[in-house]
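**Student:** Here it is, the structure in full.
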Amino acid sequence: MGTKILIADDHEIFRKGVKQILTEDGGAFHVDEAINGQEVIDKMWKNDYDAVLLDISMPGRNGLDVLKDIKNIKPALHVLMLSMYPEEQFGMRSLKASADGYLTKSTKPDELVRAVKVIIKGKKYISSSLAGRLACYVENDNLKAPHETLSDREYEVMCMTASGKSAKQIAAELSLSDKTISTYRARILQKMNMSNIAQLIQYAIRHDLLNQPDS
């Protein structure tokens, strides 16, 4: 029967590209597609997949929220997170949410195929640098930085804000209202004990959270 994979991403070109990479690998993969979190959940109920390749940044509910739903409904289903953001920004959060691996969208095709094969075997696919961060987190669980207290959505908005995007731009990308983004920003500043966006940007620079997307 082969291995059944669900690719979840709102960009058709990216989905088709990943599908081509997987299906050209000796015909071992059978690939389905979803464009948002709700479609992922709907298809997951109707089909038995071996793995889900899940984008973090999708309209509406982000990939990390969807990941948590997947693991609650089908804990054994393997999930590989894919993101345009470098692992320094979302790798740790993905692993803490029970992802089986994390790759950036600039990853070479052979590594993507290798990662999928690894997680299907029930193993984690983690880079050496991310493994080091994970070990450090476990050792210092009680010493969380302020940004680690944010929810996944708040953290996403914080990164986008610190990179210079306006509330309107963020709202458009996340399919949310300007007012909702403004509320998130106010909550972020309050949680991090800051009074303005300039302080947020300085914080992001100090903590290496302003790495540009890899693609």
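The values are calculated or read from the model by the stated rules, or taken from the named source; none is laboratory data. This one's a predicted model, so the numbers in the text were calculated from it and none came from an experiment. Virtual Cβ from ideal backbone geometry, glycine too; neighbours counted across all protein chains shown.
**Student:** What helices (runs of 4 or more DSSP H) completely inside region 119-215 contain at least 1 residues that are closer than 30 Å to I13 by Cβ, at pLDDT 85 or above and not polar (S, T, N, Q)?
**Tutor:** By residue number, 152-162, 167-174, 178-191, 197-206.
**Student:** Continuing with this model, one more query. Starting from residues that are outside any loop (DSSP other than H, G, I, E, B) and surrounded by fewer than 20 Cβ atoms within 10 Å (Cβ to Cβ), keep the ones in region 1-14 and report whichever is modelled with the lowest pLDDT.
**Tutor:** Of all residues in region 1-14, those outside any loop (DSSP other than H, G, I, E, B) come to 3-8, 12-14.
Adding the requirement that they be surrounded by fewer than 20 Cβ atoms within 10 Å (Cβ to Cβ) leaves 3-4, 12-14.
Details: T3: 89, K4: 93, E12: 92, I13: 93, F14: 92.
So, considering only residues that are outside any loop (DSSP other than H, G, I, E, B) and surrounded by fewer than 20 Cβ atoms within 10 Å (Cβ to Cβ), the one modelled with the lowest pLDDT is T3.
**Student:** Confirm whether L210 is more than 22 Å from the chain's Cα centre (by Cα), surrounded by 13 or more Cβ atoms within 10 Å (Cβ to Cβ) and under 24 Å from E87 (Cα atoms).
**Tutor:** No; evaluated as a whole, the condition is false for this residue.
**Student:** Among the residues of region 65-93, which ones are out of contact with any strand residue (DSSP E or B) (no Cβ under 8 Å at 6 or more places or on another chain) and among the hydrophobic types (A, V, I, L, M, F, W, C)?
**Tutor:** Residues satisfying the conditions are I73, A76, M92.
**Student:** Any residue that is touching a strand residue (DSSP E or B) at 6+ places or on another chain (Cβ under 8 Å), modelled with pLDDT of 90 or more and hydroxyl-bearing (S, T, Y) - is there at least one of those in region 27-50?
**Tutor:** Within region 27-50, one or more residues are touching a strand residue (DSSP E or B) at 6+ places or on another chain (Cβ under 8 Å), modelled with pLDDT of 90 or more and hydroxyl-bearing (S, T, Y).
**Student:** Moving to a separate point now. Just the residues that are of a type in the set (K, R) and under 19 Å from R93 (Cα atoms), please, taken from region 19-78.
**Tutor:** Once the filter is applied, which keeps residues that are of a type in the set (K, R) and under 19 Å from R93 (Cα atoms), region 19-78 yields R61, K68, K71.
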